[in-house]
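Note sheet for the following structure.
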């Protein structure tokens with residue numbers, strides 16, 4: 001079968017869920033006992049809701065965190081026991097902006113005491129939700145001079161997913177969910193100046209990183225589907241979480257996200273609604289045999305209707321699902337990180 005014929009169309013499938021569906025609703029009736037999941041940023045906002053939903057369905061969930069003790073405290077406050085004694089949800093150290101930390105986490109996971117099993121094989125990973133992100137942050141360089149939003153949101157997850165590939169391939173129909181957003185509409189990949197060396201713009205940098213998250217899912221799905229691994233990009237919707245921590249209140253008021261009293265605009269979702277599309281993409285039987293598409297509101301998104309009143313807030317722009325750019329970004333990311341599970 002040709003590559004084009006095996007691609008999933010970028011069109012709605014009428015999932016039965018929608019904008020206001022919650023994570024608990026989309027996972028109802030799904031049994032994840034015996035499954036293992038990793039959710040980056042799984043101790044705040046959407047990530048926490050995602051962890052709770054997956055664990056409620058029986059999955060063993062690993063939560064990587066830059067501050068593990070803080071993550072355990074937050075999970076405990078939310079009623080999600082974590083640690084060795086808890087069994088079902090555990091926390092491990094990971095800083096996505098540090099490639100050595102990414103490698104250490106992956107090596108620990110692959111070599112953990114839970115690995116192997118009766119046949120001595122590789123520990124399997126059934127769900128990987130690349131959820132953690134920073135947004136519109138002040139200019140900062142990490143690693144060998146990488147722009148921090150691109151490095152954290154994309155390159156950190158690129159390295160993590162590739163290093164965890166043996167576990168994903170060992171799973172039974174594993175899925176990878178890459179959190180993008182309508183931020184992708186702010187910028188395509190700037191292949192000629194990917195680190196904003198000629199002048200930093202926090203929103204364009206965020207936009208590039210979110211485009212990268214979407215293109216990553218497109219190319220991972222193309223490379224992984226022969227192994228039974230499928231990937232999806234997800235726009236969760238607008239939600240007030242810690243993601244906005246770098247934004248001044250005045251800027252959010254000017255953008256119409258809240259009024260002068262701090263009341264959030266009705267367009268914003270609750271965290272439970274925001275996590276629903278991630279959970280749906282990670283678990284829904286309706287997506288069996290599909291992948292490589294951008295999803296929103298618990299369904300596959302339609303392509304952006306260019307020039308329409310909702311072009312900025314709905315649908316996926318062509319540059320975020322372009323197969324050629326996805327392959328080009330993958331090659332560049334492999335060169336930058338020195339990691340490529342599909343390299344020769």
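Nothing in this text is a laboratory measurement; each read-out follows from the coordinates by a stated rule. Keep in mind the model is a prediction, meaning the values are calculated, not measured. Cβ: placed from backbone, ideal geometry, glycine included. Neighbour counts: every protein chain shown.
Quick notes on this one:
- Per-residue ellipticity at 222 nm, computed for the chain from helices alone with -39500 (n - 2.57) per DSSP H run of at least four residues, works out to -9500 deg cm²/dmol.
- Spatial separation of Cα centroids for the stretch 24-68 and the stretch 151-176, in angstrom: 16 Å
- For the chain, built as a Gaussian network whose Cα springs stay under 10 Å, the top-fluctuating residue of 212, 276, 311: 311
- Intensity falloff of the stretch 26-185 expressed as log10 I(q)/I(0), Debye formula with alpha-carbon point scatterers, at q = 0.09, 0.11, 0.16 Å⁻¹: -0.28, -0.42, -0.91
- Taking every C-alpha pair closer than 8 Å and separated by at least 6 residues, the mean separation divided by the residue count of the chain gives a relative contact order of 22 percent.
- Among 73, 147, 49: highest mean-square fluctuation, GNM of the chain, C-alpha pairs under 10 Å: 73
- Volume of the convex hull of the chain (Cα atoms only), normalised per residue: 143 Å³.
- Neighbour-count order for 227, 158, 105, fewest beta carbons within 10 angstrom listed first: 227, 105, 158
- The chain: antiparallel DSSP beta bridges as a percent of all, rounded to 5: 15 percent
- Principal axis dimensions, the stretch 97-203 - Cα atoms, whole angstrom, descending: 55, 27, 21
- From most to least packed by mean Cβ count within 10 Å, the peptides 61-68, 215-222 give 215-222, 61-68.
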